[in-house]
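Values in this text are rule-based calculations from the coordinates and carry no lab data. These figures come from a predicted structure and were not determined experimentally. Cβ placement follows ideal geometry from the backbone for every residue including glycine, while neighbour counts extend to all protein chains displayed.
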Amino acid sequence: MTINQLLALLYPPGSAKSLTPDQEQIVRHPGGPGWVMAGPGSGKTEVLTVTVLRLLYVDGDPVQADRVPPESIFVTTFTEKAARNLEDRILNYRASLLLADPTLASVDVSKLRIGTLHGLANDLLQEFRAPNYQNVRLMDEFEQALFVREHMSLIKQKNPPVEIAFWQAFDWMFTPLKWPPATRSTKPPSRWNSTQALVSLLNRMVENRVSVAGLRAHGGQLQKLAELFDEYVLHLRNNYRCDFSQLQSRFLEFLSTPLGQSFRDGDGTAANPGIRWVLVDEYQDTNPMQEEIYFQLASRSPHNLLVVGDDDQAMYRFRGGSVECMVTFDQACQAFLGMPPAAVTRYSLVDNFRSHAGIVSFFNDYMAAFPLMGTAGARSPKPAIVARKVLPNSYPAIGRIEGASKEDLALQFAQTVADLVSSGKVNDPSECCLLLKSTKESPNNAGPYVAALRDLGLDVYNPRNKTFMDQDEVKGLLGAILAIVDPNRRYALDPANGGSVPRAEPKFRDACDALMAAHSDLRDYIQDARAAILAKPGAPFDANLQELAFHIMSREPFSSWQADPERRARFARLTNLLEAYSSTPVLDPATGLARPGVTRGFLRGSAHFPGEVFGAWLGSFYHLFLTYVVDAGMNDDEEDDVICPAGRVPVMTMHQSKGLEFPFVFVGHMGEGVKVGPSHHLETLFSAYPSNPARSFAHRPDGERAEMDMIRQYYVAYSRAEYALIFLGLKSHFTKHAVPCGPTKGWLRHRTQPL
DNA sequence: CTGGGTGCAGTTTTT
DNA sequence: CTGCACCCAG
């Protein structure tokens, strides 16, 4: 079928949906590098979906003579959720195409290479049995931190002068609270904070494609960093581990092996046609490592690499995302493929089908009003977004709520939502979304808003509220473990240890005490376990840590709680955390090597303090495991494919809201100032040592990049709104200067009315 | 009602 | 270090 026939089937005459000429042009992209600037609400997911369908089903067309085998199409999105969404859309359209032409069923859509780059890299390395990925355990964030803490010489060895000198060179990795400035010349940061900082350094070296040799040649602490990197890579190989960043570099490594080349280029047989098309969504958040992977995948002529994104919506610098990859895509084609910039086809999608015209003109103005965003190279040149949504009546679509205090602001917000619901202006509370920088339910973040909504009887959906550790079953289970391993809180209360025992420890104990008081089943088990330990000081336990947790979970009330899906999901996550911890090998202090057969899960009674587990284990459990899980602030579970369940007001971070839209959007945190953080420092530092000098970016000063990041983050938030956009701030936010309120003081106030 | 000084409380975002 | 509440001066 031709492209015209395909489009006629997808959008039959008279159907509500169709493609605009701009969108259609992209679907007809003839091949070679394609560079799509897609503004907010411009239908880029639809365009990607139809482009994939075109590759799969079109033949005999001037643009495409033959169908592309599904396994030759490599499509990546930023999140798993977005990947599922794209796949669903493809499958839905496929179903309607099959009605018209049942023979299309012969195309096996399940062979499409579609997912996040991390997911695809993991799958492909396994599928091809890549030698550098055999029997490797992919560690999540938690395991990586434990691994670094356990193995890296810098953290393991107690050698303050060396550590202090090293960390002083990277002192911007630490907030004053993490490493008090007054102590910086005499004391290194805590073990745990050093671990976190080292993990960031190691990850960013990979993501930013830093030349380790270049760092080493620089000497000084950068040389030390290069040595630490080599040490880390060695530990990973020796222990058959991999982390999220290294997963990508191993995939890139794989692509340069004969096996990888045959995956990429095919072997001339129908069974292995190689990769022919690479489509990348959310390209503005790509990092230099990923950029190199995409160009490697597309290295076969004619280099069918279609990237789609919006540089104005880049918001993942903290993860190594470099908006420069998007802004200078034409130069990348030159650097990687030797193609002149003119050979890159440029497309833009500037029609916005999402928002009220007042909202579109507002966010256009907002972005353009900052002098910084008008400077050369700040944004890809593209026309302003054009409002195309047809709305029945005109009304002021943007407003503001000025609070006298945080609590007053929250109250006014909640009343506004309640009024919208009761007056029928919205059909459901889920149509009113609250967007914040952080959705943690603390006084400066979502706390007051959530409390005010609940006071008015409105239910809230806030899965990323980091309250996992506040759930009864989580506190109770951790408390029960503590009740067995440290029965009298001797270790926790010992002043020698007390300082570094997590402050949440009493919370876990109290939760367990309450459960024990109410449930004899649990009480009996804990008492029996305590008696058994007391009876045999110094003896190994029958159960390891995970088994201990399972025993506890088989007792009341935990066993009945298993019937509740939400609680069961939390048990599963806690079990995973315990499993990751238990599987960490224990190193012999003398040799530095893993002791065979011994892991963190291994339990033995203390000979010194009868009734307790031995001290080293307790220390590590309190300081490593508990400190991490409390500090990381685990999120509660969220429903997989539901944006927000009906009847509840969604509370989201601006990051989470990327790609989504809501009828009424309320944006808080309007008083924020520009903050230069470790991301900016790291980027500046590492940009001097690029692996690929042809792709080193001349960066602006940190402060300018930090300001642009903040402008973009709020631009994303503002462009989510369909019918109304309401700013939530204190009076001072609107009268003084704050970036979310525009480039000058009072900028936003002149453009909005108080509600 | 605006602006500045002081003192306290809390320190993201994610594959 | 930052944002916010609070207080006081103009």
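Taking a label point 7 Å from the Cα of A:Ala698 along the Cα→Cβ vector, which residues of the range A:361-401 have an amide N closer than 16 Å to it? What the label zone holds, given the 16 Å backbone N cut-off, is A:375-379.
One Cα centroid belongs to the range A:683-724, the other to the range A:374-412; the line between them spans 21 Å.
A compact globular protein would have a Cα radius of gyration near 2.2 N^0.38 Å; the ratio found for the range A:430-482 is 1.37. Within straight-line reach of A:Lys731, meaning a Cα separation under 17 Å, sit the following lysines at least 8 residues removed in sequence or on another chain: A:Lys406, A:Lys745. What separates the Cα centres of the range A:241-275 and the range A:1-74 is a distance of 27 Å. This ranking places A:Ser301, A:Ser18, A:Ser249 by how few other beta-carbon atoms lie within 10 Å of each, fewest first, which gives A:Ser301, A:Ser18, A:Ser249. Determine the distance separating the Cα centre of the range A:131-193 from the Cα centre of the range A:646-672; give it in Å without decimals. Distance between centres, Cα-based: 35 Å.
The distance between label points at A:Gln126 and A:Asp59 comes to 3.3 nm (points 7 Å beyond Cα on the Cα→Cβ vector).
Write down the percent of antiparallel bridges among all DSSP beta bridges whose residues are both part of chain A, to the nearest 5.
Among the beta bridges of chain A, antiparallel pairing accounts for roughly 10 percent.
Modelled spin-label separation between A:His737 and A:Gln546, with each label point placed 7 Å from Cα along the Cα-to-Cβ direction: 5.7 nm. Each residue of the range A:686-697 was assigned a 3J(HN,Hα) from its phi angle through the Karplus expression (A = 6.51, B = -1.76, C = 1.60, θ = phi - 60°), giving 6, 5, 7, 10, x, 5, 10, x, 5, 10, 9, 9 Hz with x at Gly and Pro. With the cut-off at under 14 Å, measuring from each backbone N in the range A:545-562 to a point 7 Å along the Cα-to-Cβ line of A:Asp510 picks out no residue. Distances between placed amide hydrogens fall under 5 Å for A:Val75 paired with A:Arg113, A:Ile114, A:Gly115, A:Leu279, all partners being 5 or more residues away or on another chain. The label-point distance for A:Ala517 and A:Ala384, in a model that sets each label 7 Å from Cα toward Cβ, rounds to 6.5 nm.
Taking amide H positions as modeled 1.01 Å from N, with prolines and chain starts lacking one, the residues under 5 Å from A:Val649 and 5 or more places away or on another chain are A:Asp459, A:Val460, A:Tyr461. If you plug the beta carbon distance of A:Ser256 and A:Ser422 into 1/(1 + (r/R0)^6) with R0 = 56 Å, you get a FRET efficiency near 0.35. Reachable aspartates and glutamates from A:Lys425, Cα under 19 Å, same-chain residues fewer than 8 places away excluded? Within reach: A:Asp459, A:Glu661, A:Glu722.
Beyond a 24 Å Cα-Cα separation, which of these cross-linked pairs lie in this structure: A:Lys440/A:Lys507; A:Lys187/A:Lys224; A:Lys81/A:Lys675; A:Lys81/A:Lys507; A:Lys187/A:Lys507; A:Lys17/A:Lys44?
Values: A:Lys440/A:Lys507 19 Å; A:Lys187/A:Lys224 19 Å; A:Lys81/A:Lys675 30 Å; A:Lys81/A:Lys507 34 Å; A:Lys187/A:Lys507 30 Å; A:Lys17/A:Lys44 14 Å.
Flagged as over cut-off: A:Lys81/A:Lys675; A:Lys81/A:Lys507; A:Lys187/A:Lys507.
When A:Ser42, A:Ser438, A:Ser679 are sorted by how many other C-beta atoms sit within 10 angstrom of their C-beta, beginning with the fewest, the order is A:Ser438, A:Ser679, A:Ser42. With a Förster radius of 22 Å applied to the C-beta separation of A:His235 and A:Ser190, the computed FRET efficiency comes to 0.55.
Just rank A:His356, A:His750, fewest to most, by other beta-carbon atoms within 10 angstrom.
Details: A:His356 22, A:His750 9.
With the sparsest Cβ surroundings first, the list reads A:His750, A:His356.
Please work out how much length the chain gains when fully extended from A:Trp172 to A:Ser554, using 0.36 nm per residue of separation minus the C-alpha to C-alpha distance, in nm with one decimal.
Numbers: separation 382, 0.36 × 382 = 137.52 nm, distance 4.69 nm.
132.8 nm is the gain from fully extending A:Trp172 to A:Ser554.
Would you please give the FRET efficiency between A:Lys17 and A:Gln753, computed as 1/(1 + (r/R0)^6) with r the Cβ-Cβ distance and R0 = 41 Å, to the nearest 0.05? Taking R0 as 41 Å, the efficiency between A:Lys17 and A:Gln753 is 0.75.
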